[in-house]
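Some notes on the structure that comes next.
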Amino acid sequence: MFIKDNLHKIKNDIPKNVQLIAVSKTKPISDILEAYNAGHRAFGENKIQEMVKKYEELPKDIEWHMIGHLQRNKVKYMAHFVHLIHGVDSFKTLKEINKQALKHNRIIDCLLQLKIAKEDTKFGLSITDVNNIITSEEFASLNNINIKGLMGMASFTEDKSIIRTEFKMLNLIFTKLKKHHSSNFNLSILSMGMSGDYKIAIEAGSNMIRVGSLIFGKRNYT
Ligand SMILES: *Cc1c(COP(=O)(O)O)cnc(C)c1O
């Protein structure tokens, strides 16, 4: 029962314009079904193969969000069903997503991941990278992807002021890039905030949060 209660608690706590993605990575089908039976439909996974397996076993009205770092050679396994890819952090990956989406005759919605944390371990594009991508001729020819927003992860720190500064910076970039429009680039989604920092993220302008452990409990990686 606790998954349902946790979900309701978070949903009651966040503004209506903020979408909650339940991050179910490492968690069993039974946990996802518990959230599903409580009415939840948007789930996030960070490994393509794990997401494919769960997609195959679970009801087909689930929206699957790929939130992890992408291995290009695996994009093809999720191209027929993925709802939103959060972690696009290179032009090469974007071109691969476009190619696979074309094969399935669909348009795949994507978010560009920006590097906002100081740590070297976090993936992501710089503002310059984004500008180079979206102004290129080749980008204009990618008809099977649609960039709908940005995603970012704050530093792993107890210092809330650092987290707040990083989220605010991403919101500034988001506000700027929102002015740019093309057939495959129209920003409306700002995906930032996890179990430990989603409140700060929402204060800083997030409208999509990715929450795992606060819903499903701690993950066990062994
Ligand atoms: C695991 C993960 C989350 C959720 O983390 P929690 O701290 O359990 O809420 C969110 N975003 C990304 C990219 C993740 O990999």
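Taking into account only those residues within segment 147-168 that are within 16 Å of the ligand (Cβ to nearest atom) and polar (S, T, N, Q), which is farthest from ILE189 (Cα to Cα)? First the steps, then the outcome.
Just the residues of segment 147-168 that are within 16 Å of the ligand (Cβ to nearest atom), to begin with: 149-158, 160, 163, 166-167.
Still in the running and polar (S, T, N, Q): 155, 157.
Details: SER155: 21, THR157: 25 Å.
Ranking the qualifying residues of segment 147-168, first place goes to THR157.
Pairing each residue of segment 6-30 that is without any contact (Cβ under 8 Å) to a residue 40 or more places away in the chain with any residue that is away from the ligand (no atom under 16 Å from the Cβ), provided the two are 6+ apart or on different chains, yields C-beta distances under 7 Å for ILE29/GLU57; ILE29/LEU58. Name the single residue that is nearest to TYR221 (Cα to Cα) among those in segment 12-38 being in contact with a His (Cβ under 9 Å, 6 or more places away or on another chain) and within 14 Å of the ligand (Cβ to nearest atom). Step by step, filter segment 12-38, then rank; the result is VAL23. Filtering segment 49-83 to residues that are aliphatic (A, V, I, L, M), under 18 Å from ALA22 (Cβ atoms) and within 16 Å of the ligand (Cβ to nearest atom) leaves MET51, MET66, ILE67, MET78, VAL82.
Among residues belonging to segment 176-195 that are surrounded by 16 or more Cβ atoms within 10 Å (Cβ to Cβ) and part of a loop (DSSP other than H, G, I, E, B), point out the one that is farthest from the ligand (Cβ to nearest atom).
Quick first cut of segment 176-195, residues surrounded by 16 or more Cβ atoms within 10 Å (Cβ to Cβ) only: 177, 184-185, 187, 189-195.
Now drop any that are not part of a loop (DSSP other than H, G, I, E, B), which leaves 184, 192-195.
On the way: ASN184: 23, MET192: 9, GLY193: 8, MET194: 4, SER195: 3 Å.
Here the residue is ASN184.
Within segment 108-164, the residues that satisfy the criterion of being closer than 20 Å to PHE174 by Cα and among the charged types (D, E, K, R) are ASP109, LYS115, LYS118, LYS122, ASP129, LYS148, ARG164. Among the residues making up segment 39-48, a single one is more than 16 Å from the ligand (Cβ to nearest atom) and out of contact with any strand residue (DSSP E or B) (no Cβ under 8 Å at 6 or more places or on another chain): GLY39.
If you filter segment 196-222 down to residues that are within 9 Å of the ligand (Cβ to nearest atom) and out of contact with any Ser or Thr (no Cβ under 9 Å at 6 or more places or on another chain), you find that the one that is farthest from HIS40 (Cα to Cα) is ASP197. Only one of the listed residues (GLN113, GLN100, GLN49) is surrounded by fewer than 16 Cβ atoms within 10 Å (Cβ to Cβ) and outside any loop (DSSP other than H, G, I, E, B). That residue is GLN49. Being touching a Pro at 6+ places or on another chain (Cβ under 9 Å), aliphatic (A, V, I, L, M) and either over 25 Å from HIS8 (Cα atoms) or assigned to a helix (DSSP H, G or I) (or both) is a property that ILE202 has.
Read the figures in this text as sums done on the coordinates, not as results from a lab. Note that the structure is predicted; figures quoted are calculated from it, not measured. Note that each Cβ is placed from the backbone with ideal geometry, even for glycine, and that neighbours are counted across all protein chains shown.
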